[in-house]
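What follows is a short report on a single structure.
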Amino acid sequence: MNIKEIREIIALMNENEVTEFTIEREGFKLCIRKAGGAGAVAAPAPAAVSAAVPAPAPAAAEAAEGQYIVSPMVGTYYAAPAPDAPPYVKVGQEVDEETVVCLIEAMKVLNEIKAERKGRIVEVLAENGEPVEFGKKLFRIA
Amino acid sequence: MTAVDPDREDVIVGELLGAPAYVSGEEIARRLRISRTAVWNRVNALRRLGFQVESHPHLGYRLVRAPDALLPALVSHGLVAEIVGRRILHFEELRSTNDEAERLARAGAPEGTVVVAERQSAGRGRMGRAWVSPPRKGIYLSVILRPAMPPSRTAFLTLCAAVAAADAVRRCAGLRASVKWPNDVRLGGRKVCGILTELATEADRINHAVVGVGVNVNHDPADLRGLEATSLKIESGGEVERVGLARALLEELDGGYAALCAGRYGDIVRRWLEVSDTIGRRIRAESLTGERLEGVATGLDEDGCLLIRLEGGATKRITGGDVRII
């Protein structure tokens with residue numbers, strides 16, 4: 001896909017008031033999003049191509065927020081259910097709504113955190129055993 | 001023989017338990033609106049469960065001895081609780097009552113459902129630790145709750161559960177159980193009851209919580225070899241009746257949960273402080289990744305976290321990990 005084709009897609013999106021467009025092929029993913037005027041979101045696939053869509057308004061924070069799994073509580077972050085167990089998820093792993101991604105322990109209450117969306121873990125943003133605050137970003141997901 | 005409806009058996013147990021002497025089969029049949037043959041069949045089913053029921057041709061039936069089993073009919077007989085124990089499911093064996101409760105909760109089981117097992121083949125504590133669960137010696141139960149509160153407040157659930165377990169032990173075994181922060185119930189510094197609370201959250205609300213309670217009731221020293229644990233039997237020198245203790249535990253949990261739902265966090269903390277042995281003591285807190293802090297426990301903060309004063313005078317709050325009194 002070349003820049004001319006991407007321009008055409010954007011033009012079509014603007015004409016038809018389409019706010020999001022994703023195309024995926026072997027080793028290639030293009031995602032163009034105009035969430036409330038947000039810029040394009042870079043896709044993490046190896047040969048990702050990003051294209052900026054002219055935005056009439058400042059980038060919306062929600063669009064970026066939606067890409068993170070955050071802690072619902074103050075507590076301690078655990079990547080695995082037991083010290084010698086493998087972590088719940090690894091970078092590159094596909095997850096869905098029901099996938100448990102980690103544990104947050106607060107006062108011995110174990111809270112299984114689910115991905116709550118489909119996607120792929122791109123980055124782990126917390127250290128095993130790290131104290132986390134409410135709203136702390138734990139994973140980046142795409 | 002056709003399958004017996006456990007609920008009907010429970011009802012018959014209720015009839016017999018509540019009676020001072022013989023109850024006629026006719027009377028039971030009339031009250032339960034079943035045939036006399038059905039009564040007879042169900043009494044026989046009870047006998048197979050280990051109930052000793054005397055039958056007399058003219059007088060009817062009399063319950064001589066109930067089995068040492070945490071059967072719903074026995075536990076719920078005379079149970080005074082609003083939510084906890086509304087429905088009790090009994091299993092001879094489960095891998096873990098928390099796992100079964102979790103499965104039921106996901107399938108939509110109502111709040112207050114209790115899962116109880118006579119033994120667990122894979123009883124567990126936190127972080128993959130095992131909970132020793134020999135048959136008919138302990139109480140292994142889990143309660144499904146659906147508290148309408150943000151996940152950040154659920155620390156109080158564990159404080160409530162600990163107070164409830166300590167109170168139930170005090171009531172039934174007459175032993176002064178104390179609580180080590182946040183929820184280990186102990187006698188003479190040894191663990192007698194463990195609590196494992198697991199949450200399933202969705203965004204900023206709790207879908208359900210499973211509160212698992214394991215009590216070492218009639219465990220012998222051999223059952224607990226190598227563990228820093230004890231049992232009510234070891235401490236009191238005699239067997240403790242499990243049914244009464246299970247019932248008291250559900251009642252205390254229910255009371256604590258009512259306080260929690262009403263937002264009476266101050267009451268919960270006050271009750272916890274009354275039964276706790278942690279405050280004022282020198283402690284070592286160790287996170288599960290090995291980070292250590294030592295100091296004197298000074299109290300709880302408004303989130304239920306433990307406050308400790310370090311050597312240098314600074315105060316730190318402990319949100320998890322293991323705490324030892326040293």
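The values are calculated or read from the model by the stated rules, or taken from the named source; none is laboratory data. Since we're looking at a predicted model, the values are computed, not measured. We place every Cβ from the backbone using ideal geometry, glycine too, and count neighbours over all the protein chains shown. Only protein heavy atoms, including side chains, enter the accessible area calculation; ligands, DNA and RNA are left aside. Shrake-Rupley method; radii C 1.70, N 1.55, O 1.52, S 1.80 Å.
Using amide H atoms built in the peptide plane, which far-off residues or other-chain residues are under 5 Å from B:V53 H to H?
B:V64
Between beta-carbons, use under 12 Å as the cut-off and find the net charge around B:I283, counting Lys and Arg +1, Asp and Glu -1.
Net charge in that neighbourhood comes out at +4.
Computing the accessible area with a 1.4 Å probe over protein heavy atoms, can you report the carbon and sulfur percentage for the protein assembly as shown? Please list the in-between numbers first.
Values: 10910 of 21810 Å².
Of the solvent-accessible surface of the protein assembly as shown, carbon and sulfur hold 50 percent.
Can you give the helix-only mean residue ellipticity at 222 nm for the protein assembly as shown, where every DSSP H stretch with n ≥ 4 adds -39500 (n - 2.57) and the sum goes over all residues, rounded to the nearest 500 deg cm²/dmol? The partial results should precede the final answer.
Numbers: 11 runs with 122 residues, N = 468.
Value at 222 nm, helices only: -8000 deg cm²/dmol.
For B:E202 paired with A:E130, estimate the spin-label separation in nm (one decimal), with each label point 7 Å from Cα along the Cα-to-Cβ line.
2.9 nm
Over region B:1-140, what is the mean sequence separation of C-alpha contacts under 8 Å (at least six apart), divided by residue count, expressed as relative contact order in percent?
18 percent
Holding the Cα-Cα limit at 30 Å, pick out from A:K136/B:K191; A:K108/B:K233; A:K108/A:K136; A:K90/B:K180 the pairs that are longer than that. Let's see the in-between values first.
Values: A:K136/B:K191 34 Å; A:K108/B:K233 27 Å; A:K108/A:K136 19 Å; A:K90/B:K180 36 Å.
Flagged as over cut-off: A:K136/B:K191; A:K90/B:K180.
Compute the Cα gyration tensor for region B:9-65, then decide on rounded, prolate or oblate, letting a ≥ b ≥ c be the square roots of its eigenvalues: rounded whenever a/c is under 1.5, prolate when a/b is larger than b/c in the other cases, and oblate in all that remain. Please report the intermediate quantities before stating the final value.
Values: a/c = 1.35, a/b = 1.13, b/c = 1.20.
Judged from the Cα gyration tensor, region B:9-65 comes out rounded (a/c under 1.5).
Classify region B:282-325 from the C-alpha gyration tensor, please: rounded if a/c falls under 1.5, else prolate or oblate depending on whether a/b exceeds b/c. Each step should come with its number before you reach the end.
Details: a/c = 1.74, a/b = 1.13, b/c = 1.54.
Taking the square roots of the gyration eigenvalues as a ≥ b ≥ c, region B:282-325 is oblate.
Amide H neighbours of B:A109 under 5 Å, at least 5 residues apart or on other chains, H built in the peptide plane: list them.
Amide H to amide H, under 5 Å and 5 or more residues apart or across chains, B:A109 pairs with nothing.
Please turn the phi angles of region B:255-268 into ³J(HN,Hα) values with the Karplus equation 6.51 cos²θ - 1.76 cosθ + 1.60 (θ = phi - 60°), one per residue in order, whole Hz, x for glycine and proline.
x, x, 5, 4, 5, 5, 5, 7, x, 7, 5, x, 4, 5
Relative contact order of region B:133-187, please, whole-number percent, based on alpha carbon pairs below 8 angstrom and at least 6 residues apart.
On the way: 36 pairs, mean separation 13.5, N = 55.
With pairs under 8 Å counted, the relative contact order is 25 percent.
How high is the FRET efficiency from B:R309 to B:R176, r the C-beta distance, R0 25 Å, rounded to 0.05?
Details: r = 27 Å, r/R0 = 1.07.
The formula returns an efficiency of 0.40 here.
Relative contact order for chain B using alpha-carbon pairs under 8 Å, separation at least 6, rounded to a whole percent? Provide the component values of the computation, followed by the final result.
Working: 632 pairs, mean separation 43.7, N = 326.
It comes to 13 percent, rounded to a whole number.
If you take every DSSP beta bridge whose two residues both sit in region B:282-325, what share of them, in percent to the nearest 5, is antiparallel?
Numbers: 18 of 18 bridges.
Of all bridge pairs located within region B:282-325, approximately 100 percent are antiparallel.
In nm, to one decimal, how far is the modelled label at B:A19 from the one at B:A258, with both set 7 Å along Cα→Cβ?
3.2 nm
Quick check for you: with a 1.4 Å probe and neighbouring chains kept, what is the accessible area per residue of chain B, in Å²? If you can, show how the numbers build up before the last one.
Values: 14300 Å² over 326 residues.
Accessible area per residue: 44 Å².
Looking at region A:94-142, which residues lose a minimum of 30 Å² of accessible area between their chain alone and all protein chains in place, measuring with a 1.4 Å probe and not counting ligands or nucleic acids?
Flagged in region A:94-142: A:E105, A:M107, A:K108, A:V109, A:L110, A:N111, A:E112, A:K114, A:E116.
Based on DSSP, what percent of beta bridges with both residues in region B:72-275 are antiparallel, to the nearest 5? Don't jump to the answer; show the numbers that get you there.
Numbers: 29 of 37 bridges.
Within region B:72-275, antiparallel bridges account for around 80 percent of the total.
Please give the net charge around B:E102, taking every other residue with its beta carbon less than 10 angstrom from that of B:E102, where Lys and Arg add +1 and Asp and Glu add -1. Let's see the in-between values first.
Details: positive: B:R103, B:R106; negative: A:E112, B:D99, B:E100, B:E198.
Result for the local shell: -2.
Out of all DSSP beta bridges in the protein assembly as shown, what portion is antiparallel? Express it as a percent rounded to 5. Spell out each step's value before the answer.
On the way: 78 of 92 bridges.
Counting DSSP beta bridges with both partners in the protein assembly as shown, the antiparallel share is about 85 percent.
At what distance in angstrom do the alpha carbon centres of region B:170-202 and region B:77-148 lie from each other?
What the calculation gives is 16 Å, centre to centre.
Buried accessible area for the B:A pair, summed, 1.4 Å probe, in Å² rounded to 100? Present the calculation step by step, with values, prior to reporting the outcome.
Details: alone 15370 and 8700 Å², together 21810 Å².
Its buried surface, counting both partners, is about 2300 Å².
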